[in-house]
Amino acid sequence: MENIANNLQALQNRILTCEQAYGRHPGSVKILAVSKTRTVEEILRASESGQMHFGENYLQEAEQKMAQLPNPALIWHYIGPIQSNKTRDIAADFSWVHSIDRIKIAQRLNDARPANLPPLNICIQLNISSESTKSGINPDSLVDFVNKLSEMPRLKLRGLMAMPKPEFDFNRQRQPFRQMRCYFDQLNDTGHDLDTLSMGTTNDMEAAIAEGATIVRIGTAIFGPRSVKR
Ligand SMILES: *Cc1c(COP(=O)(O)O)cnc(C)c1O
């Protein structure tokens, strides 16, 4: 197994260096540890180093891990595609959903969020590199989408999420993240109160932080390369 404690320490240093380089407040960028395909043991190791936020893409896999990790301090984020027959369980098991891109799904999550839990924190996923295969809404429909969400009291809109297509050049990586920041600022300038830009993975987190990411979603840099590609 990778040395997860060391990896997390190195990642925190990388983030701090980046916050300083781009004039971000130290501590303003949080790590979401993406634990898809990882074992309960690996999640446990990360949590022993103080990592409490975990992101999962597949409901069944996540539920199996949650059952074996009954630590109530762990905070689970759903970051994968959402099928409508999974909304009831997602609404009950997770504190956050980053991958909202359909109103019908949002409505089902709102309706299913258990009354004893606080509103579900959500991010709207934007299709920022206009790839037809990728999930996320077209940014042109963002304002309309946000207005519809405002009628769902059991969802709390925290911000925006994106997974741009992979680029290797730093300046090219920054472009979609800069657009995200513009949409985020526009919403806040028109009376909304968003605090979350969920963007940046192992390969492009520096560019995302430079453009204002508040949550970076990191798998590989914490747990090592995934053997299963998904
Ligand atoms: C897998 C995944 C990540 C993490 O990617 P790494 O390259 O392993 O850091 C982040 N976000 C989403 C939506 C993912 O599916």
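The values are calculated or read from the model by the stated rules, or taken from the named source; none is laboratory data. Not measured: the values here are computed from a predicted model. All Cβ positions, even for glycine, are placed from backbone atoms using ideal geometry, and neighbour counts span all protein chains on display. The accessibility values were calculated without ligands, DNA or RNA, using every heavy atom of the protein model including side chains. Shrake-Rupley method; radii C 1.70, N 1.55, O 1.52, S 1.80 Å.
Which one, G224, F168, V143, is farthest towards the positive end of the dipole of region 138-230 when Lys and Arg carry +1 and Asp and Glu -1 on their Cβ? So the residue we want is G224.
Given a 1.4 Å probe and the protein chains as shown, S49 ends up with an accessible area of around 50 Å².
Kirkwood Rh, Cα Rg: Rg to Rh for the chain?
On the way: Rg = 16.9 Å, Rh = 17.9 Å.
Across the chain, the Cα-based Rg/Rh ratio is 0.94.
The heavy atoms of S227 present about 120 square angstrom of accessible area, all protein chains included, probe 1.4 Å.
Checking the cross-link pairs K86/K165; K65/K148; K65/K134; K86/K134; K30/K156; K36/K148 against a 25 Å limit on the alpha carbon distance flags K86/K165; K65/K148; K65/K134; K36/K148 as lying beyond it. In a fully extended conformation the segment linking R154 and I75 would gain 26.6 nm over its present Cα-Cα distance, using 0.36 nm per residue. In whole Å, how far is the Cα centre of region 66-109 from that of region 141-180? The two parts, judged by their Cα centres, are 18 Å apart.
The H on the amide N of H53, modeled in the peptide plane, is under 5 Å from the matching H of A33, I75, each at least 5 residues off or on a different chain. Of the listed residues R108, R24, R217, the order by accessible area with a 1.4 Å probe, largest first, is R108, R24, R217. A simple rule links phi to the HN-Hα coupling: the Karplus curve 6.51 cos²θ - 1.76 cosθ + 1.60 with θ = phi - 60°, which for region 202-210 gives 3, 7, 9, 5, 4, 5, 5, 5, 4 Hz, with x for Gly and Pro.
So for E2, E61, what's the accessible-area order with a 1.4 Å probe, most first? List each step's numbers first, then the result.
On the way: E2 80, E61 30 Å².
Ranked list, largest accessible area first: E2, E61.
Between D111 and D193, the C-beta separation translates, for a Förster distance of 35 Å, into a calculated FRET efficiency of about 0.90.
For the chain, the mean residue ellipticity at 222 nm estimated from helices alone is -12000 deg cm²/dmol, where every DSSP H run of n ≥ 4 contributes -39500 (n - 2.57) and the total is divided by all residues, rounded to the nearest 500. Just grab the label-to-label distance for L142 and D185, each label 7 Å out from Cα along the Cβ direction, in nm (one decimal). Result: 1.1 nm between the two label points. In order along region 169-178, the Karplus-derived 3J(HN,Hα) couplings, from 6.51 cos²θ - 1.76 cosθ + 1.60 at θ = phi - 60°, round to 7, 4, 5, 5, 4, 5, 4, x, 5, 5 Hz, and Gly and Pro are given as x.
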